[in-house]
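Down below is the structure, laid out as C-alpha cells.
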Ligand SMILES: Cc1cc2nc3c(=O)[nH]c(=O)nc-3n(C[C@H](O)[C@H](O)[C@H](O)COP(=O)(O)OP(=O)(O)OC[C@H]3O[C@@H](n4cnc5c(N)ncnc54)[C@H](O)[C@@H]3O)c2cc1C
Ligand SMILES: [Zn+2]
C-alpha cells in the first residue's frame with residue numbers, strides 16, 4: 001500500500017486517507033491558446049514509466065493538495081512537497097538523483 | 001524449429017489418431033522463427049488485439065508479410081490477465097457497433113479458427129442498486145434496441161430467478177433490477193490469443209517472442225524500422241498494440257497519447273460446486289463475479305487511482321471489492337481466495353479506445369481499451385486491419401481517431417464502463 005507524508009501536517013498517510021489527482025506541474029493554457037495547446041494541456045500526458053510527479057489530496061486529513069515524486073515502475077517514493085512549487089524543489093531532485101543517477105529534470109527554472 | 005510444420009487441423013479424428021500414437025504426433029501450434037530484416041507490416045504486442053489485427057490483415061486483405069513482436073510471451077499481458085467478460089451493451093453508437101461486431105465474431109470464432117476458445121454465452125447482468133442506475137440502464141436498453149443490440153431490463157424478482165445466490169434486499173444497496181444481455185458471457189482468454197496465434201503462424205506470419213521494441217526509426221515523418229532486442233527490423237507500416245505501454249511506444253516515435261496507465265486486479269476463489277451460471281456486475285459497489293468452468297469464483301473490481309506499471313494492485317482494492325460483493329452475495333463470505341494478480345491498463349478520458357493514424361506516416365495505434373478490451377478483440381482486430389491495410393479508418397474505426405480529443409468529440413462510456421470489466 002502506498003504511504004505518503006503530507007508536507008503540510010507531517011502525517012504519514014496511507015492510500016485510503018489520500019485522493020490521487022493525476023500528473024503534476026501542468027501549465028494551464030490561457031485564452032490565447034491554440035487548439036493544439038489546449039489538447040496538450042487537457043489530454044497529452046507523459047505517463048512516465050519511472051520518475052513521475054503527481055498531485056495528491058490529504059482527503060481524510062488536513063484536506064490540502066500536495067505533490068509527490070515517485071517511481072511508477074517500482075512504487076518507490078522519492079518525497080513529497082507543497083503544491084505551491086512550480087517545479088520540484090532542489091531536495092526532491094537530489095533525492096531522485098541519489099536513487100536514479102541517470103535521470104535528468106526535463107524542465108528549466110528561470 | 002524455425003519454419004516448423006503447419007499445425008494441422010484439430011478434429012475428433014485427429015484426437016483418435018493421436019490417442020493411438022500415445023499423443024506423440026502433435027505439432028507445435030505456432031512456429032518461433034528468427035526475425036527477418038524487414039516485413040511489410042510490423043505489429044508490436046502479441047496480445048489479443050495485436051494477434052487479431054494480424055489475423056484479419058491476412059484473412060481480409062491478403063497481407064501476410066507480417067511480424068508480431070512481443071517482449072514477453074504471447075498473451076502474457078492483459079489478454080492473459082483479464083476476467084474474460086464479453087458483452088456489447090454500450091451506450092454510444094460507435095461503441096455498440098465495434099463491440100457487437102466483436103461479439104458476433106466471438107460467436108463463430110472457435111469454428112473460424114479451428115481452435116476451441118470456449119466461448120460461453122451464459123448471459124450477463126449489470127445490477128441497478130440506485131435510482132440513478134435504474135434510469136441509466138433503462139436508457140441503455142432503449143439505446144441498445146435502437147442499435148439492434150438486444151438487451152432487456154429485468155426487475156428484481158426475475159433477477160433473483162436468474163441468480164438464485166443473490167441477496168436482493170441488501171441493507172445498503174438493495175437490488176432494484178438489472179440490465180440483461182442474454183448473448184453476453186465469457187471465453188477462455190489464453191485460447192483466444194493461442195487460436196489467433198496459430199492461425200497467423202499457419203498463414204506464414206512471424207510471431208517473435210522475447211523481443212522487446214526499444215526504438216522507432218523514422219525518416220522525413222515516415223516510419224522506417226523498429227529497433228529491438230533482436231536487432232533492427234525494417235517495415236513499411238507499424239502498428240502499436242501494446243495496451244499499458246502505449247505511451248512508451250509513442251514516445252519512441254516522438255508523439256504523445258491521451259493515455260494513463262494504472263493497475264487493475266482480479267482474484268479467484270477456491271473451486272466450488274456450480275452455483276451461478278451468469279456473469280453479474282455490480283457497478284455501484286464496484287465488483288463483479290462469475291464462475292469459471294473449474295468452479296472458481298472469478299472476482300474483479302476497480303482500478304487503482306494512480307499511475308503504475310508494476311502489474312500488481314493495492315490490497316485496499318481487494319478488500320473493497322470483496323466487502324462490496326459479500327453484501328450482495330452473502331454465500332461467498334466464507335470462500336478462501338486462491339490467487340490475486342494485476343495488469344496495467346491503458347485509460348483514456350472518455351473510457352473509449354483509440355484506433356488511429358498518428359503524426360508519423362505509416363504508424364497506427366490501437367490502444368485505450370483500458371479495463372474492458374478482451375470482449376472487443378475480434379472486432380478491434382477487424383477494424384485495425386482495415387486501418388493498417390488502407391491507411392485510413394473504415395466505418396468501425398472512424399469515430400475512434402485521436403482527433404476526437406482535439407475536437408471535443410468524445411465517445412463517453414463512463415456509465416457503460418462504470419466498473420472495470
Ligand atoms: C484484471 C483485469 C481484468 C480485466 N477484465 C476484463 C473483462 O472481464 N472483460 C474485458 O473485456 N476486458 C477485461 N480487461 C481488459 C483486457 O484485458 C484488455 O483490454 C485487453 O486484454 C487488452 O489486450 P491488448 O492486446 O491490447 O493488450 P495486452 O494483452 O496487454 O498485450 C500487449 C502486449 O504488448 C507487449 N509489449 C509492451 N511493450 C512492448 C515492447 N516495447 N516491445 C514488444 N512488446 C511489448 C506486452 O508484453 C503485451 O503482451 C481486464 C484487464 C485486467 C488487467
Ligand atoms: Zn495533511
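Laboratory data are not the source of any read-out in this text; all were calculated from the coordinates shown. Quick caveat: nothing in here was measured; it's all calculated off a predicted structure. Note that we place each Cβ from the backbone using ideal geometry, even for glycine, and neighbour counts take in every protein chain shown.
How far apart, in nanometres, would the label points at residue B:414 and residue A:9 be if each is projected 7 angstrom from Cα along the Cα-to-Cβ direction?
Placing both labels 7 Å along Cα→Cβ, they lie 2.8 nm apart.
Can you tell me the Rg and the Dmax, both Å, for the Cα atoms in chain B?
Calculated on Cα positions, Rg and Dmax stand at 21.4, 64 Å.
Spin-label point model (7 Å from Cα, Cβ direction): what's the residue B:217 to residue B:336 distance in nm?
Here the answer is 5.5 nm between the modelled labels.
Using alpha carbon centroids, what distance separates segment B:186-240 and segment B:1-65, in Å?
14 Å
Taking the simple approach of a point 7 Å from Cα along Cα-to-Cβ for both residue B:315 and residue A:109, what is their distance in nm?
So the label points at residue B:315 and residue A:109 sit 3.7 nm apart.
On C-alpha positions alone, give me the angle between the axis of helix B:315-328 and the longest principal axis of chain B, in degrees, nearest 10.
40 degrees
Given only helices, namely DSSP H runs of n ≥ 4 each adding -39500 (n - 2.57), what is the per-residue ellipticity at 222 nm of chain A, to the nearest 500 deg cm²/dmol? If you can, show how the numbers build up before the last one.
Numbers: 2 runs with 18 residues, N = 110.
Mean residue ellipticity, 222 nm, calculated: -4500 deg cm²/dmol.
Normalising by the residue count of chain A, find the relative contact order in percent from Cα pairs under 8 Å and 6+ residues apart.
Numbers: 164 pairs, mean separation 25.4, N = 110.
Relative contact order here is 23 percent.
Given springs between every Cα pair under 10 Å in a Gaussian network model of chain A, which of A:43, A:78, A:66 has the largest fluctuation?
In this elastic network of chain A, the residue with the biggest mean-square fluctuation among A:43, A:78, A:66 is A:43.
For residue B:153 and residue B:292, what does the FRET efficiency come to when R0 = 35 Å and r is the distance between their Cβ atoms, rounded to the nearest 0.05?
Details: r = 28 Å, r/R0 = 0.79.
It comes to 0.80.
Can you compute the FRET efficiency between residue B:23 and residue B:210 using 1/(1 + (r/R0)^6), with r the Cβ-Cβ distance and R0 = 30 Å? Round to the nearest 0.05.
On the way: r = 27 Å, r/R0 = 0.91.
The value I calculate is 0.65.
Helix B:93-107 against the longest principal axis of chain B: what's the angle in degrees, Cα atoms only, rounded to the nearest 10?
Here the helix axis deviates by roughly 80 degrees.
Kindly express, to the nearest 10 degrees and within the range 0 to 90, the angle between helix B:189-202's C-alpha long axis and the longest C-alpha principal axis of chain B.
For B:189-202 against chain B, the angle is about 20 degrees.
Considering Cα pairs under 8 angstrom that are at least six residues apart, work out the relative contact order of chain B and quote it in whole percent. Before the final figure, lay out the partial values.
Details: 987 pairs, mean separation 93.6, N = 421.
It comes to 22 percent, rounded to a whole number.
Based on a Kirkwood Rh over C-alpha pairs, give the Stokes-Einstein translational diffusion coefficient of segment A:3-99 at 37 °C and viscosity 0.692 mPa s in µm²/s. Intermediate values should be presented prior to the final figure.
Values: Rh = 14.3 Å.
Answer, rounded: 229 µm²/s.
Once the Cα gyration tensor of the protein assembly as shown is diagonalised, what are the square roots of 5 times its eigenvalues, in whole Å and ordered largest first, as equivalent ellipsoid semi-axes?
Details: eigenvalues 250, 215, 101 Å².
In descending order the semi-axes read 35, 33, 22 Å.
Dividing the convex hull volume of the alpha carbon atoms of segment B:42-201 by its residue count, what do you get in Å³ per residue? Walk me through the intermediate numbers first.
Values: hull volume 21.6 nm³, N = 160.
Hull volume over Cα atoms, normalised by residue count, gives 135 Å³.
Quick one: Cα centre-to-centre distance for segment B:289-347 and segment B:122-166, in angstrom?
After rounding, the separation between the Cα centres reads 23 Å.
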